[in-house]
1. From A:Ala246, A:Ala229, which residue is closer than 19 Å to A:Gly177 by Cβ, modelled with pLDDT of 75 or more and surrounded by 14 or more Cβ atoms within 10 Å (Cβ to Cβ)?
2. Among the residues that make up segment B:56-65, is at least one of them facing chain A (nearest Cβ under 10 Å) and surrounded by 17 or more Cβ atoms within 10 Å (Cβ to Cβ)?
3. Looking only at segment B:247-260, decide whether some residue is of a type in the set (A, V, I, L, M, F, W, C), at the interface with chain A (Cβ under 7 Å from one of its Cβ atoms) and under 30 Å from A:Val12 (Cα atoms).
4. For segment A:1-13: of the residues being in a helix (DSSP H, G or I) and in contact with a helix residue (DSSP H, G or I) (Cβ under 6 Å, 6 or more places away or on another chain), which is surrounded by the fewest Cβ atoms within 10 Å (Cβ to Cβ)?
5. Name the residues in segment A:16-46 that are touching a helix residue (DSSP H, G or I) at 6+ places or on another chain (Cβ under 7 Å), β-branched (Val, Ile, Thr) and either at pLDDT 75 or above or not in a helix (DSSP H, G or I) (or both), would you?
6. From B:Val339, B:Val344, grab the single residue that is assigned by TED's automatic domain parsing to the domain that holds B:Thr357 and either surrounded by fewer than 20 Cβ atoms within 10 Å (Cβ to Cβ) or free of Cβ contacts under 8 Å to residues at least 24 places away in the same chain (or both).
7. Could you check how many residues of segment B:157-175 are assigned to a helix (DSSP H, G or I), surrounded by fewer than 24 Cβ atoms within 10 Å (Cβ to Cβ) and hydrophobic (A, V, I, L, M, F, W, C)?
8. Just to be sure, is B:Gly272 farther than 25 Å from B:Arg196 by Cα, buried (at least 19 other Cβ atoms within 10 Å of the Cβ) and modelled with pLDDT of 80 or more?
Amino acid sequence: MSVLRIAPRTAVVLALASAAALATFTWPFFIPAHPESTARTGEAPLVFLVMLPVLVALILAELSSGGIDSKALAMLGVLAAVNAALRPLGAGTAGIETVFFLLVLAGRVFGPGFGFLLGSTSLFASALLTAGVGPWLPFQMLCASWIGLGAGLLPARLRGRTEVAVLAGYGAFAAYGYGLLMNLWFWPFSLGADTQLSYVAGAPVLDNLHRFAVFTAVTSTFGWDTGRAITTAVAVVLAGPAVLAALRRAARRAAFDAPVTFAPPGPEPARPKAAPQSGTPVAAPQPGPDVRAGWSGGAPPGEG
Amino acid sequence: MTDRRTGAASVRADSGRGPRRWSAARLPRGLHPGAWWWWALGLATAASHTTNPLLLALLVAVTALVVVRRRGDAPWALAFRMYLVLGAVIIAMRVVFRIIFGGGQGEHLLVSLPEIPLPAWAAGIRLFGPVAVEQVLGGFYDGLRLATMLVCLGAANALANPKRLLKAVPGALYAVGTAVVVALSVAPQLVESVLRVRRARRLRGATGRGMRALRGIALPVLADALDRSLALAAAMDSRGYGRTAAVPAGQRAATGALVLGGLVGVCAGTYGLLDSTGSGYLGLPMLLAGLAVAVTGMLLAGRRVRRSRYRPDRWQPAELLVAGCGLAAAALTLFAGSVAPELVYPPVSPLTWPEVTPLMLLAVAVAAGPAWLAPPPGLPSTRPPTVAVPVSDAMASTRASDPVTPLPGGRA
């Protein structure tokens, strides 16, 4: 199921912007040697630092340009809040990362477009809540968004144990990929220009790749990234089936797929009167009344 | 919010009398978040164009001064210290990496550490070895520059209200901004949800610990949150969310073409920037032009969204002054760099003592302007009067120099 339909134009925008964005991570590999080019003047990192937030904004605007259904939007906000609340749980403990687990599962259930938006909104909300806004934030948002997008693109027919296994494997892979990309982004900034592990402008790509591999192996792959991958995979295996069921139940209740049709002002006078009051399409299955009643009633029965 | 209204009212009442008008403009209120971001980005630009440690240290000091004088008491305002710590970590990391992995040869040997050769897979890399002053100093200068830029952004975080900033996002990002606002409002409610589920579990006599208890709490909380989202969607529907304006098909096609064309330009520009044989026009100019075109398309697409704003933030003279201070500081630093590059970028070899020119001092002084030019931060406005008595008294004592504001239940 896909909550947010990705139109062909949106797919093209997503691909183009992602390609340009990938360059903002991988530029140290391709930077030319001759010193008179713009990329060498030390401006390149700054240009990319300015460029990426704009690209992320473009993708987000394009994804939501068809208008997000209010139910999808509320679901997005609530899941982003849960994700943002999960994130500080692991912070500080070496390598324990709790964000990707729900992101992968939600992307799987609600589709690629929703997964992309959820990745961005989760990290943005979490950064605002814990005051982690900085130049790294757009890069983190984009990486997380790619993870959510990829989870939505996994083959749809899998169910049961195979599905959980595939999701756990994807979660581990995504955790490593996230660590690698963020390291790649941080590489020029953390080292500066002329240590033995820094990138060398104009050197062959393989040479720079080797330096980067050593850098990332020394600094994080065996510690942080492995911890992150293990946490994600274990969380998906342990809680995956139950969370998937909860998410699918919510998706069914929200009835995202229901065709929106408005009944013409027909012979019965009651119907057109009801429509403007509730604001919900008449033909859509109505999850409304019981939800609203249960909510406004305060604590569910049995908890008072 | 209350302050804004009283401020506007007294301006109208006292128009024509100079001193009172000035004090009315300085009534406590939250500045437009965009103004703080422009100021901070200006300072970050200034910091990025120098490695002079004295100038950078002055910029950090000025930033801290403005933050301390003009921040409110919101949670995001208290995180400035974290950015300072992070900056220190960056500097330490740069220096330590220089010492471990070498690089940046110099003549003045500081200490000679034993070398450790690495195994074959890391061929060509040695650890430790001789450490030169130039090498450590180069790392320190670089790290300080990066840390200063970070601290500037941290200042914007501490000073600007993110919720107000989300209100000002362009129309095309309205849906995503709304989702973030929903997330920010729901997150505190999750705590309440967790407490409720725990209480219900205890009442049922469940004493399980560890994994079982975690599932017993986490899943109901998740289900509760998902149900909440449906209720929220119904509430949004009933309040008219999702109203869109009819945009002619031609205009829709035009915005789409602008976004796509701009992105193609961005890709070409990026390629030109990184291509070794790239000619001049295919690099940075192409990239910037592509970005501009795509952003124009995005802004045009936002006209589809129709919304009204409740108490919009306006750009008033104070906002313009604060933003101008940041931009002027950046311009002055750039100018100082073109006048005396060897002072703005002090060389590490040969070792030279960094100096500060009057032009740099002027840039720093301008950057400090908002500490006095910006109005004091708004007082918490949503407090019931009965609770506000002791709190506002305590606040009044710290802000004795500020003009008296009609606080509910505060001092007279």
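The values are calculated or read from the model by the stated rules, or taken from the named source; none is laboratory data. The model shown is predicted, which means the values in this text are computed figures rather than measured ones. Here Cβ is always computed from backbone atoms with ideal geometry, including for glycine, and neighbour counts include all displayed protein chains.
1. Criteria check complete, one pass: A:Ala229.
2. Scanning segment B:56-65 turns up no residue that is facing chain A (nearest Cβ under 10 Å) and surrounded by 17 or more Cβ atoms within 10 Å (Cβ to Cβ).
3. Yes, there is a match, as at least one residue in segment B:247-260 is of a type in the set (A, V, I, L, M, F, W, C), at the interface with chain A (Cβ under 7 Å from one of its Cβ atoms) and under 30 Å from A:Val12 (Cα atoms).
4. If we take residues in segment A:1-13 being in a helix (DSSP H, G or I) and in contact with a helix residue (DSSP H, G or I) (Cβ under 6 Å, 6 or more places away or on another chain), then A:Arg9 is surrounded by the fewest Cβ atoms within 10 Å (Cβ to Cβ).
5. A:Thr24, A:Thr26, A:Ile31, listed by residue number.
6. Checking each option against the conditions leaves just B:Val339.
7. The number of residues fulfilling the criteria is 3.
8. Taking the combined requirement at face value, the residue does not satisfy it.
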